[in-house]
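Take a look at the structure below.
Here, each number is a calculation from the coordinates, and none is a lab measurement. Values in this document were obtained by computation on a predicted structure and should not be read as measured data. Every residue, glycine among them, receives a Cβ derived from its backbone with ideal geometry; neighbour counts consider all protein chains shown.
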């Protein structure tokens, strides 16, 4: 039997996820000591009651869906998200642009610690998107 290709083109599916996260999410940063900040697109959500059943979790834990593609380059996030990263939520102006301080740096709204290994979503070696568990 000849192996069959994936039922969908990976790049097309990644683009769809990226567009959905961009439409309903926001810009943020992944920050890790020793490497430059990485721009990301993120969509925040709360865990449902069913997701918490049987799990040991803090009620303040949130989930974050992160696009596998960098919003500034369109290429895959490099390096990939890790537990060493902090997810930095940003403050936004009324027009939706990122608020900048006097030094031209984005204004931080809150720092979120990644509390579990990031989950790569997608059946290929190239993720469609990342699922993070975060805590303030």
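Each residue in 82, 109 was given a count of other beta-carbon atoms within 10 angstrom of its own, and listing them fewest first yields 82, 109. When the chain is treated as a GNM with alpha-carbon contacts under 10 Å, the residue of 106, 81, 59 showing the greatest mean-square fluctuation is 59. Identify which of 74, 34, 15 has the largest mean-square fluctuation in a Gaussian network model of the chain, with springs joining Cα atoms closer than 10 Å. The residue that fluctuates most here is 34. Taking a ≥ b ≥ c as the square roots of the Cα gyration tensor eigenvalues, the chain comes out oblate, since a/c reaches at least 1.5 and a/b does not exceed b/c.
If you run the Gaussian network model on the chain, springs between alpha carbon atoms under 10 Å, then out of 94, 83, 26 the most flexible one is 94.
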